[in-house]
Structure formats: structure tokens, C-alpha cells
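Okay, so here's the structure we're looking at.
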Amino acid sequence: MKQTESTIQSSLPLDIALKIALSLEVSDVCKLGSCSKFWRELCGSDCLWESLARQRWPSIPSLQNSSNKDWREIYIKMHNEMESKATDVIEFVKHCSLSQSLEAGEYSKAIEYLNSMQLSFRDVQMFLLKPRLNVVTNLVGLHYCIFCLKVQAEHLMEAILNCRISERKVCVKWWKLGRWSRGFRMRDESHSRNVSLADLMTDKGKEVLPVLQRGAIHEVLRVEICMSTATSSPWLCQSSQIQF
């Protein structure tokens, strides 16, 4: 074993080993650290955990960049904080959508609540884009990524495919103020669209996304978001917990 470790250390440059570790999920980094002394030292190093932290949270405060900081501990602390914040959002949406639907005002509050917490794209993937959650919660996380984080559509599509929620559907209903014709106001117009989360990343979502973003405004009297009848998921949820 010692000879193998020595061979690895001599044949694998440190910068290449670091890139390998950075390409892995954090849970896999922790497992890799148990393979040998070489990987244990690398996977426990500050340079690796600082890179992982800044990779996940690009806006991490610069004051944490100090020689007396333990970046592994910083990562664990921030992970737990983000998980707690995400849980608050999940509980808020769950409370507001007891009837499996969410009014525009409540939906907007959920987005604002999430935005104030400054979760990263990776945080949303880990905590909100899960099949065990209400699809409306998935939609809130997706909306936050689209309009607040400005994540590119192809990255979002990859994320919802990996999380196995791309085919989950929501029904978006909105009521528009009736138009005036010859001095009379016509009946209010009712619209309803069943769309999958993947549809929102394509041209199929062009009509629905603006409604979700604007909510109820002067020409739209009411917006309601609810689960479509085809939202059940056959997949089991993967735990978001990380064993450090």
C-alpha cells in the first residue's frame, strides 16, 4: 500500500489531483479521502475546501479568506445554513398550498423569500428540485434560478433532468380583465395551461413564464398555480445530506 501511495504521489501532479477532486460531488470527495494517505491529505486540505466553497457560493464573503480559517468547517456550516433556509421556504410553500394550489401573491412572496436568502444554484438543486417535494415547490426553485440567478436554460434543463423532475407538470390559470367593445366591457377571460417543468425551458413556456413573473397586475385579475393531474413521480428522492 505504501508503495502504491508513493507511486501515485510521484506520478500524479498535485494540480491534476486537485482538479479531479474538484470535479466530484462533495459526498464523493469525502469518500475519496478514505482511499489512501495521499487522498486523505488532499481531500482535507484548505485549498480544496476553499475552492469547493467558492465554487458553490461565488459571492462568499471575502472576510472568510483568512489563514486562520478552516475552510472545511466553513463549508459544513454554510451547507447547514442553506439547508435550514431551504427548509423554511419548503415549509412556507407547503403551508400556503394546503389545497395543492398557490395564489399569485403567495407565489411572489415565496420567490422574494427565497431571493432574500441568497441560495446558490447548487443549493436549489440539492434542496428544492427534488421529486419528493410538491411540484409547486420545484417551480418556485426553478423560477428563482431563471429570474433571480439568471441561470442559462441549458444548465437548468440539465439540472431538472438529473433531479428527475423534468416531466412533472403544473397548471397555471389566470383571469384577464374583459376588453371593452362599443362601450361595454366583455366578460373576463379565463386562461389555463398545463406545462411540464421542462416546457418552461422551451418555447412552450413563453406564454406561461411572463404570467408567473408578473403575477396579478392591472390587466390580470388573478393567477393561480396548482399541481397538474399528471404530477406524480415514480422516482424516490435522493437525500441531500452530505456525510463529511
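The values are calculated or read from the model by the stated rules, or taken from the named source; none is laboratory data. Remember, it's a predicted structure, so these values are computed and weren't measured experimentally. Every residue, glycine among them, receives a Cβ derived from its backbone with ideal geometry; neighbour counts consider all protein chains shown. Ligands, DNA and RNA are excluded from the accessible area calculation, which covers all protein heavy atoms including side chains. Shrake-Rupley method; radii C 1.70, N 1.55, O 1.52, S 1.80 Å.
Going by accessible surface with a 1.4 Å probe and the largest first, 75, 113 read 113, 75. Karplus-derived 3J(HN,Hα) values for region 192-204, using 6.51 cos²θ - 1.76 cosθ + 1.60 with θ = phi - 60°, are 8, 9, 9, 9, 7, 4, 5, 4, 5, 8, 10, 4, 5 Hz; glycine and proline are entered as x. The H on the amide N of residue 221, modeled in the peptide plane, is under 5 Å from the matching H of 175, 176, 177, each at least 5 residues off or on a different chain. Remark: the residue 47-residue 115 segment gains 21.5 nm on full extension, using 0.36 nm per residue and subtracting the alpha carbon distance. Shown is the FRET efficiency for residue 221 and residue 55, computed with R0 = 41 Å from the Cβ-Cβ distance and rounded to the nearest 0.05: 0.40. Here the 3J(HN,Hα) profile of region 45-52, calculated from phi with Karplus coefficients 6.51, -1.76 and 1.60 at θ = phi - 60°, is 6, 5, 4, 5, 6, 5, 5, 5 Hz, Gly and Pro shown as x. Of all lysines in the structure, those lying under 26 Å Cα to Cα from residue 31, and not within fewer than 8 positions of it along the same chain, are 2, 19, 69, 77, 130. With each label modelled as a point 7 angstrom along the Cα→C-beta vector, the residue 147-residue 25 pair spans 3.0 nm. For region 102-119, the Karplus equation 6.51 cos²θ - 1.76 cosθ + 1.60, evaluated at θ = phi - 60°, returns couplings of 9, 6, 4, x, 5, 4, 5, 4, 5, 5, 5, 4, 5, 5, 5, 8, 6, 6 Hz by residue, with Gly and Pro reported as x. Highest-first packing order for the peptide set 16-28, 117-129 is 117-129, 16-28, based on the mean count of other beta carbon atoms within 10 Å.
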